[in-house]
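Worksheet for the structure shown next.
The values are calculated or read from the model by the stated rules, or taken from the named source; none is laboratory data. This is a predicted model, so every value here is computed, not measured. Reconstructed Cβ throughout: ideal geometry from the backbone, glycine too, with neighbour counts over all protein chains shown.
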């Protein structure tokens, strides 16, 4: 069966520090991969999606970036965090069925 | 572009009450429609889905019917339980690889 894991689950970082959130999918190949952010009262915002290795599409201009160094690995990064980057980050995958499978989420607090 | 509108809540009900969470959408073509549920501190889980007009998705006592004429996909449950307390997201898929479009989520609180 397919599984998705993301880490760390919780992160507290100072403003201006770097960020790296990782996500891996097991049990499938060539999935579409996604990073969403959930901010309080604002629902889910799509940040990045990827249909293949090194193929990343950005939905929202910001100081975040994403990379896909391997087929089933998706990384969300920042060189310098802002207060507004605080939120709950969710990784997800699908196989073009329209149904997304989500990871457990990573809660980032920027102080 | 695509969009989803749902009541934001919080919605507070007593146990065994009837639940309706409204969801309407705007989309080109014929999207698939979904309800996801998020329990505290967790990621989202698919609750139910419908892929074409007049389809009814159902799971765990929840139901929603794809109404193309009213562009709606309202979530219903006849008798809610305390364990149903969560945030519920309505979403649509346009069929591309750019993921789902989500509503803002409805926080449901069930009191014993």
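Determine, yes or no, whether residue A:21 is within 19 Å of residue B:93 (Cβ to Cβ), buried (at least 21 other Cβ atoms within 10 Å of the Cβ), touching a residue at least 60 places away in the same chain (Cβ under 8 Å) and within 12 Å of the chain's Cα centre (by Cα). No; evaluated as a whole, the condition is false for this residue. Among the residues of region A:25-43, which ones are in contact (Cβ under 8 Å) with a residue 12 or more places away in the chain and surrounded by 18 or more Cβ atoms within 10 Å (Cβ to Cβ)? Within region A:25-43, A:25, A:31, A:32, A:33, A:34, A:35, A:36, A:37, A:38 qualify.
Of the residues making up region B:15-52, those that are surrounded by 18 or more Cβ atoms within 10 Å (Cβ to Cβ), within 12 Å of chain A (Cβ to nearest Cβ) and part of a strand (DSSP E or B) are B:32, B:33, B:34, B:35, B:36, B:37, B:38, B:44, B:47, B:48, B:49, B:50.
Identification of strands (runs of 3 or more DSSP E) wholly contained in region A:44-111 with 2 or more residues that are more than 22 Å from residue A:11 (Cα to Cα) and free of Cβ contacts under 8 Å to residues at least 40 places away in the same chain yields A:44-52, A:55-58, A:64-70.
The residues of region B:90-108 that are without any contact (Cβ under 8 Å) to a residue 60 or more places away in the chain and either under 12 Å from the mean Cα position of the chain (by Cα) or crowded, with 23+ Cβ neighbours inside 10 Å (or both) amount to a single one, B:99.
Counting only strands (runs of 3 or more DSSP E) wholly contained in region B:59-106, the ones carrying 1 or more residues that are within 14 Å of another protein chain (Cβ to nearest Cβ) and at pLDDT below 95 occupy B:86-93, B:100-102.
Conditions (1) in contact with a strand residue (DSSP E or B) (Cβ under 9 Å, 6 or more places away or on another chain); (2) farther than 28 Å from residue B:8 by Cβ; (3) away from chain B (no Cβ under 11 Å), marked per residue:
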position: A:25; (1), (2), (3): yes, yes, yes
position: A:28; (1), (2), (3): yes, yes, yes
position: A:47; (1), (2), (3): yes, no, no
position: A:51; (1), (2), (3): yes, yes, no
position: A:60; (1), (2), (3): yes, no, yes
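Output the residues belonging to region B:72-89 that are surrounded by fewer than 17 Cβ atoms within 10 Å (Cβ to Cβ) and touching a residue at least 40 places away in the same chain (Cβ under 8 Å). Correct list: B:76, B:78, B:79, B:81, B:82.
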